[in-house]
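All remarks here apply to the structure that follows.
The values are calculated or read from the model by the stated rules, or taken from the named source; none is laboratory data. If you're wondering where the values come from, they're calculated on a predicted model, not measured in any experiment. Methodologically, a virtual Cβ is constructed for each residue, glycine included, from the backbone with ideal geometry; neighbour enumeration extends over all protein chains shown.
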Amino acid sequence: MTAIGVLIVLTLVCGFYVAWNIGANDVANAMGTSVGSKALTLRRAVILAAIFEFAGAYIVGSNVSETVRKKMFDPDQLTVLYDDMAPYILACGMIASLIASGTWLLMATWMSWPVSTTHSIVGAVVGFGFIALGVEGVEWGKVGVISAGWIVSPLISGAVAYFLFGYILKAVFFKQDPVRAATRLTPYLVFLVIVVMSGVTAYKGLEPLWKRWEYEPFSVSFISIVVSITLVIGLIGMFVSKHLLLKANLTSARTGTNPLLNAEVSRSLHKAEMHLQRVRSNADGDIRDRAEKLLKEIELVSDQARASVVANTDSAELRQVEKIFAMLQIMTACMVAFAHGSNDVANAIGPLSAAYQALHERAILASSTTPSWALMLGATGIVIGLATWGWRVIQTVGEKITELTPSRGFCAELAAAITILAASILPTGLPISTTHTLVGAVLGVGLARGINSLNLKTMRDIVAGWVITIPAGAGLSVVFYIILKAIFVDSGWVASELAVPG
């Protein structure tokens, strides 16, 4: 086989390799909370994720597979430095980036770390740009902004999840009749979910289309059409869900009491304990003695309230409420999977398309197209990766950070989606990671229940993986690029074929 033929085969194999690892690591985030909350079994989660990830990657993925390399360095500089060898240098660099990114994702998945596939490929491409063009050839400003995203995105999504879950508690779980409260609130949540997730798909999955229309009147018209369609679909979903809930004829609380209300009682009693402790410390005489007696009585009542919460949180009414949120969570998870597939397939297909086109055309072109077979390859790799090894990261996100229920998982997924949408529509643009955003949202839901509900050891390991991702991708890419360049370029293998007429 010729050198160029070998490079083409390597390109296809490595593109599939990265897509497989994206499925094993990144896609698991979309379904991790659903599995952890028991809203979905692992098998059903894999099936749904396969359908929606594949659909997003294949139907919309061509719009987002703009090559990552363009954002990290100027490919025209390769032509200046390497002349006729520039296309093959680029191909070796993109293949090295794919191998490096896939290898790091493989290691992270083996350690059950949810890491950012975008940061992994960015680090790998930066490593190639650095070794091929030097320090000045890399767009370090863009690298810095992307790196900052791993700090910003989990903080924002965590805050959104914290307040969203707090609202759900007050609006549903702490009501006298939580079933009726959930029935009334659910149609509005369905509307919110559809609007947010449609917005995420439109802005993330169709981002190049927004930029393609340069004329303002046409652009505004396009935005208006998308917003109008989204609102109409949201309203339809709202009324359909309301009808289905009425048809379901859910049973409201017959006792007129909600066991979770004792959680609020317990918190209020705890505040009273703190106040009485201060009175006891500062007072003397009869006031001190009476405060002591009151404190002991309140402590007994507080213990009774906490015991009631533990014993009755699995009541029939609350199980019905969680079933409602389980359906909402499944809907959110499917939409997150579609948006993720449409966006993150580019991490595998972007470098693949760049390398393939450079080898096929024997030139570095200003823009690269994404053939449909490449999208099929990437989508298939993502699905197989999730099905074969995705359970490791699913277990970490769904079970090892904090205990999840359908209501908590729903809040985490919706908060992550809101954060992604907000970052997408900002005029300045905020590069964020889907992985970091979702993990931050799970963390926020856990914090809403108290710091003791979090597994800090797991969070420490996850953050360590985040910090290492970009430098690990860059270092591995340098090593693989040097090897590939030595085999195909420095040895004269490619040059000898180019010298042959015809």
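Summary table
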item: Out of THR370, THR332, THR380, sole residue that is closer than 27 Å to THR435 by Cα, of a type outside the set (Phe, Trp, Tyr) and assigned to a loop (DSSP other than H, G, I, E, B); result: THR370
item: Whichever residue in the stretch 161-170 is crowded, with 16+ Cβ neighbours inside 10 Å and of a type outside the set (Val, Ile, Thr) and, among such residues, is nearest to the chain's Cα centre (by Cα); result: ALA161
item: Answer from TYR215, TYR167 - the residue that is modelled with pLDDT of 90 or more and assigned by TED's automatic domain parsing to the domain that holds ALA348; result: TYR167
item: Yes/no for ALA28 being within 17 Å of LEU414 (Cα to Cα), touching a helix residue (DSSP H, G or I) at 6+ places or on another chain (Cβ under 9 Å) and at pLDDT below 80; result: yes
item: Test: LEU414 is crowded, with 24+ Cβ neighbours inside 10 Å, among the hydrophobic types (A, V, I, L, M, F, W, C), at pLDDT 85 or above and assigned by TED's automatic domain parsing to the domain that holds ILE324; result: yes
item: Selected residue [within 20 Å of the chain's Cα centre (by Cα) and either charged (D, E, K, R) or modelled with pLDDT of 85 or more (or both)] from GLY350, GLY385, GLY398; result: GLY385
item: Any hit, the stretch 107-116, residues being at pLDDT below 90, within 18 Å of SER147 (Cα to Cα), out of contact with any strand residue (DSSP E or B) (no Cβ under 6 Å at 6 or more places or on another chain) and among the hydroxyl-bearing types (Ser, Thr, Tyr); result: yes
item: Matching residues, the stretch 59-99, being closer than 30 Å to ALA464 by Cβ, at pLDDT 90 or above and more than 21 Å from the chain's Cα centre (by Cα); result: GLY93, MET94, ILE95, ALA96, SER97, ILE99
item: Count of residues meeting criterion [in a helix (DSSP H, G or I) and among the hydroxyl-bearing types (Ser, Thr, Tyr)] in the stretch 1-50; result: 4
item: The stretch 150-166 residues that are among the hydroxyl-bearing types (Ser, Thr, Tyr), paired with ones that are crowded, with 23+ Cβ neighbours inside 10 Å and not in a helix (DSSP H, G or I) (beta carbon under 7 Å, 6 or more apart); result: SER153/ILE432; SER153/SER433
item: From the options GLY23, GLY15, residue that is closer than 30 Å to ALA363 by Cα, at pLDDT 85 or above, surrounded by 24 or more Cβ atoms within 10 Å (Cβ to Cβ) and touching a Leu at 6+ places or on another chain (Cβ under 8 Å); result: GLY15
item: Residue list for the stretch 112-160, restricted to those being in a loop (DSSP other than H, G, I, E, B) and within 15 Å of the chain's Cα centre (by Cα); result: TRP113, PRO114, VAL115, SER116
item: Filter pass, LEU328 being in the same structural domain as THR79 (by TED's automatic domain parsing), modelled with pLDDT of 85 or more and surrounded by 22 or more Cβ atoms within 10 Å (Cβ to Cβ); result: yes
item: Hits in the stretch 441-490 - residues which are crowded, with 18+ Cβ neighbours inside 10 Å, among the small types (Gly, Ala, Ser) and closer than 27 Å to GLN395 by Cα; result: ALA441, GLY444, GLY446, ALA448, GLY465, ALA472, GLY473
item: Where a residue in the stretch 117-138 is not assigned by TED's automatic domain parsing to the domain that holds ASN347 and of a type outside the set (Phe, Trp, Tyr) and its partner, wherever it lies, is part of a helix (DSSP H, G or I) and crowded, with 24+ Cβ neighbours inside 10 Å, with Cβ under 6 Å and at least six apart; result: none
item: Total residues in the stretch 483-497, condition more than 16 Å from LEU78 (Cβ to Cβ) and not small (Gly, Ala, Ser); result: 4
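One line per residue, one yes/no per condition, for (1) within 20 Å of GLY123 (Cβ to Cβ); (2) touching a helix residue (DSSP H, G or I) at 6+ places or on another chain (Cβ under 7 Å); (3) assigned by TED's automatic domain parsing to the domain that holds LEU12:
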{"residue": "GLY378", "(1), (2), (3)": "yes, yes, yes"}
{"residue": "LEU386", "(1), (2), (3)": "no, yes, yes"}
{"residue": "ALA422", "(1), (2), (3)": "no, no, yes"}
{"residue": "THR437", "(1), (2), (3)": "yes, yes, yes"}
{"residue": "LEU454", "(1), (2), (3)": "no, yes, yes"}
